[in-house]
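The values are calculated or read from the model by the stated rules, or taken from the named source; none is laboratory data. All of these numbers come straight from a predicted model, not from anything done at the bench. Every residue, glycine as well, gets a Cβ built from its backbone with ideal geometry; the counts of neighbours run over all protein chains shown. Only protein heavy atoms, including side chains, enter the accessible area calculation; ligands, DNA and RNA are left aside. Shrake-Rupley method; radii C 1.70, N 1.55, O 1.52, S 1.80 Å.
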Amino acid sequence: MWRRSSSLYKSFLLLLNFTFVVSSILLMCAGLIIRGQYFKYHEFLNEHYFSLPFMLICISGVMILITFFGCCGAIQENHCMISMFAAMLGVLFVMETTLGFAAYALSEKTSNVLRISLNDTMQLYNKSEELTKVWDGLQINLHCCGMDSYEDWYPILNGSLPMTCCKPQIGAIGKEMCNETVSSLYRSSCLTTLAEIIKSNATTLGAVGIGIAVAQILGVCFSCVLAKRIKNNYETFD
């Protein structure tokens with residue numbers, strides 16, 4: 001009877017470990033992609049936005065290593081290894097839950113963080129070559145103009161607009177114009193558009209962290225049950 005129930009727990013634990021390996025690889029890829037997305041706008045973000053995806057990448061790597069203890073412990077019916085696996089899963093559960101809630105909290109602060117950085121960097125347009133290129137790239141890629149609207153540029157550029165506030169005029173001959181009368185003017189807010197992108201990635205980080213943490217509860221529970229059964233079996237034979 002013990003052998004039958006033990007075999008079921010071992011099989012489920014091995015299947016769970018395989019799932020953890022696959023999900024950890026996917027998590028690592030997600031962390032790298034989101035970190036890459038944030039890096040595109042690193043001039044407007046603080047270090048917290050880069051630390052969370054980095055933590056997710058590290059946790060994914062550790063998770064892959066931890067599954068070694070789970071698989072070996074289940075196959076060899078080693079009480080010590082399975083107990084260690086359960087303990088390490090518990091630590092990761094706390095870390096991932098913390099990461100998930102931190103990502104949600106960071107998402108709520110995104111608009112305020114971006115408002116400060118966008119406003120500060122706008123003031124240096126045409127004064128800093130680097131920030132001029134950053135703002136031009138931002139407006140071209142996101143099809144937006146100004147922090148809240150194109151009117152934000154007027155006090156900074158003496159009533160003028162950057163050419164990147166307008167769509168490229170295909171087939172235009174002579175001098176191109178970019179002002180509020182041009183139909184190709186981008187009227188979207190750069191703050192709103194960029195905030196949606198950053199919030200979406202932060203929310204994804206939070207959901208992924210909490211989702212995997214919930215799955216790990218099963219791993220902890222089944223590991224503890226199997227470890228206890230193995231220990232009881234040894235004591236019975238002793």
- Message: Could you work out the relative contact order of the chain? I mean the mean sequence separation of Cα pairs under 8 Å and 6+ apart, divided by the number of residues, in percent.
- Response: 27 percent
- Taking 0.36 nm per intervening residue step and subtracting the Cα-Cα distance, what contour gain separates PHE101 from GLN76 on full extension? 5.3 nm
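How far, in nm, would the chain grow between TYR154 and GLU196 when pulled straight, counting 0.36 nm per residue and subtracting the alpha carbon separation? Can you show the working numbers first?
Working: separation 42, 0.36 × 42 = 15.12 nm, distance 2.51 nm.
That pair, TYR154 and GLU196, stretches by 12.6 nm at full extension.
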- Task: Treating the angle as unsigned and between 0 and 90°, give the value, to the nearest 10°, between the Cα long axis of helix 48-76 and the longest Cα principal axis of the chain.
- Result: 20 degrees
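Ignoring everything except DSSP H segments at least 4 long, calculate the 222 nm mean residue ellipticity for the chain; use -39,500 (n - 2.57) per segment, divide by total residues, nearest 500.
On the way: 5 runs with 174 residues, N = 238.
After summing the helix terms and dividing by the residues of the chain, the value is -26500 deg cm²/dmol.
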- Item | Cysteines, the chain, no other Cys beta-carbon under 4.7 Å | CYS29, CYS58, CYS71, CYS72, CYS80, CYS221, CYS224
- Note on the structure: For THR192 the rounded accessible area (nearest 10 Å², probe 1.4 Å, non-protein molecules ignored) is 70 Å²
- Task: Measure nothing but the geometry: give the 0 to 90° angle between the long axis through the Cα atoms of 190-237 and the longest principal axis through the Cα atoms of the chain, rounded to 10°.
- Result: 0 degrees
- Item | Cα-based helix-to-principal-axis angle, 129-142 vs the chain, degrees rounded to 10 | 80 degrees
- Distance in nm between pseudo-label sites at GLU43 and CYS58 (7 Å out along the Cβ direction from Cα): 2.9 nm
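Would you mind calculating the gained length between PHE68 and MET163 on full extension (0.36 nm times residue separation, minus the Cα-Cα distance), in nm to one decimal? Before the final figure, lay out the partial values.
Details: separation 95, 0.36 × 95 = 34.20 nm, distance 5.67 nm.
Additional length available on full extension: 28.5 nm.
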- Item | Where the Cα pairs of the stretch 52-148 fall when distances are cut into 10 Å bins, in % | 13, 26, 19, 16, 13, 10, 2
- Of the listed values (i) 37; (ii) 44; (iii) 56, grab the one calculated as percent of Cα pairs over 25 Å apart from the structure here. (iii)
- Query: Using mean Cβ contacts within 10 Å as the protection proxy, how do 120-129, 49-58 order, highest first?
  - Reply: 49-58, 120-129
- Rounded percent of accessible protein surface that carbon and sulfur make up, the chain, 1.4 Å probe: 65 percent
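Please work out the average accessible area per residue across the chain, using the 1.4 Å probe convention, and give it in Å².
The answer is 54 Å² per residue.
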